[in-house]
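J.: Next up is a structure, given as structure tokens.
The values are calculated or read from the model by the stated rules, or taken from the named source; none is laboratory data. Note that the structure is a prediction, hence the values are computed from the model and not measured. Backbone-built Cβ (ideal geometry, glycine too); neighbour counts: all protein chains shown.
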Amino acid sequence: MKNNLGKVLTILILVWLDLSAKEYTWSAFISKDKAYVNEAVYLKYVCEFDSTNELHVIEFNPVGVYKDYVIHLLSEKEKIVNDKRVNEFEYIAFLKRSGLIEFNFDVMMKKTNKDSIENTVLGRDNADYEQFSKTLIKQTPLSINVFENKLDLVGNYSFSIKKDDFKVKAYEPYHFEILIQGNGNLDHLKVLDLNISGAKVFSSKAKKNYSLTKEGYQGSWSQKFAVVSQKNFVFPQITYEYFDPKDAKRKIFVHKAFEIETVPLYKQEDLLDTIEEVPFIFKKEYLYYILSFVFGFLVAKIDLRKKVIIKNNNNFKKKVQMCKNMEELLLLLIITDASHYSDIIKKIESKELSLSQAKKLLK
């Protein structure tokens with residue numbers, strides 16, 4: 001009797017499992033059978049129901065960091081196709097090691113009975129019925145052969161540079177921008193940290209304009225720089241190494257170092273007041289003196305040398321006000337007349353005066 005009861009229970013369980021299996025069917029897909037370390041792989045899981053089934057709830061979320069890979073959710077969709085419910089789950093996995101890697105995931109199928117729905121809608125409270133029946137399903141295992149790659153950056157990329165001319169005025173910013181476009185693991189790009197001797201480097205945060213696709217992250221990554229210096233400086237070489245899985249090759253981008261010429265803010269001829277030479281003009285009135293006085297006396301009295309007229313001090317004052325910092329003001333005073341402004345120069349060098357105080361004294 002007991003044996004018969006056991007057989008009956010076994011048959012009922014098999015029938016129930018068979019009926020459950022007919023309610024929905026899972027399928028799995030992987031975009032490639034071989035890849036490289038750090039390359040993106042596309043995974044797709046589809047659950048097709050036998051009707052517009054509204055009783056099942058799917059709990060499936062393999063997103064996370066694993067020993068062999070990192071998984072990101074690309075999309076999750078639910079739609080009706082030919083009066084049948086279809087649920088699609090798309091993921092992108094970035095591979096972390098070489099060798100055979102398998103993707104084995106579980107999915108929980110929760111089925112709500114009709115009584116539960118009616119009681120929820122009507123607001124009933126009945127503990128005699130089971131609200132959910134749960135079934136844990138093993139997804140179809142997916143596998144991929146992963147080949148060794150020692151480069152952190154993987155994908156298909158193009159590089160472009162925007163920069164100013166090779167000559168810039170002292171203390172004016174020299175602009176430089178790098179733009180990287182393509183698809184792959186763009187999220188692995190790191191901010192450039194430039195160190196230029198004798199110059200101050202200002203850098204922006206990296207501008208990340210990319211989104212997740214079947215090929216990995218697709219879009220662009222860029223960073224801007226402004227370099228300020230008083231003297232000539234060398235902009236360093238920029239190098240990017242990456243692995244292109246489509247060509248199965250290591251590739252390199254190099255932007256060689258180059259020198260920037262810094263033009264002094266003021267030239268000596270610009271700082272010194274110009275001297276205008278006015279030629280002597282013989283006037284008719286002088287004829288009277290020639291006739292009235294002895295020739296020798298006139299020669300002694302009349303200065304035949306050219307008159308020299310020096311411009312007023314307004315030009316110098318304007319240049320003083322144009323100085324943006326103490327270095328520029330100090331340079332102006334030294335070139336103009338170091339001995340005349342020696343006291344102010346000493347106070348500036350000893351930092352006894354601020355820029356505004358020094359300008360007031362020079363007024």
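J.: Considering only residues that are part of a loop (DSSP other than H, G, I, E, B) and either polar (S, T, N, Q) or under 19 Å from Lys224 (Cα atoms) (or both), which ones fall in segment 139-179? Break it down stepwise before answering.
T.: Taking segment 139-179 and keeping what is part of a loop (DSSP other than H, G, I, E, B), we get 139-141, 148-153, 164-166, 170-173.
Gln139, Thr140, Asn149, Asp164, Asp165, Phe166, Tyr171, Glu172, Pro173, listed by residue number.
J.: Quick check: is even one residue across segment 173-180 over 19 Å from Tyr45 (Cα atoms), at pLDDT below 95, touching a strand residue (DSSP E or B) at 6+ places or on another chain (Cβ under 8 Å) and in the same structural domain as Ile238 (by TED's automatic domain parsing)?
T.: yes
J.: Something else: Just need a number here: residues in segment 14-64 that are at pLDDT 95 or above and either in the same structural domain as Asp187 (by TED's automatic domain parsing) or touching a helix residue (DSSP H, G or I) at 6+ places or on another chain (Cβ under 9 Å) (or both).
T.: Adding up the residues that qualify gives 2.
J.: Could you list all residues from segment 36-65 that are closer than 30 Å to Gly184 by Cα, outside any strand (DSSP E or B) and in contact (Cβ under 8 Å) with a residue 40 or more places away in the chain?
T.: Val37, Asn38, Glu39, Phe60, Pro62
J.: List pairs: first residue in segment 338-359 and more than 19 Å from Lys317 (Cβ to Cβ), second residue at pLDDT below 80 and assigned to a helix (DSSP H, G or I) anywhere in the structure, Cβ distance under 8 angstrom, at least six positions apart or on different chains.
T.: Glu349/Leu330
J.: Out of the residues in segment 17-26 that are in a strand (DSSP E or B) and surrounded by 12 or more Cβ atoms within 10 Å (Cβ to Cβ), which is farthest from the chain's Cα centre (by Cα)?
T.: Looking only at segment 17-26, we keep the residues that are in a strand (DSSP E or B), and these are 24-26.
So of that shortlist, the ones also surrounded by 12 or more Cβ atoms within 10 Å (Cβ to Cβ) come out as 24, 26.
Details: Tyr24: 45, Trp26: 41 Å.
It comes out as Tyr24.
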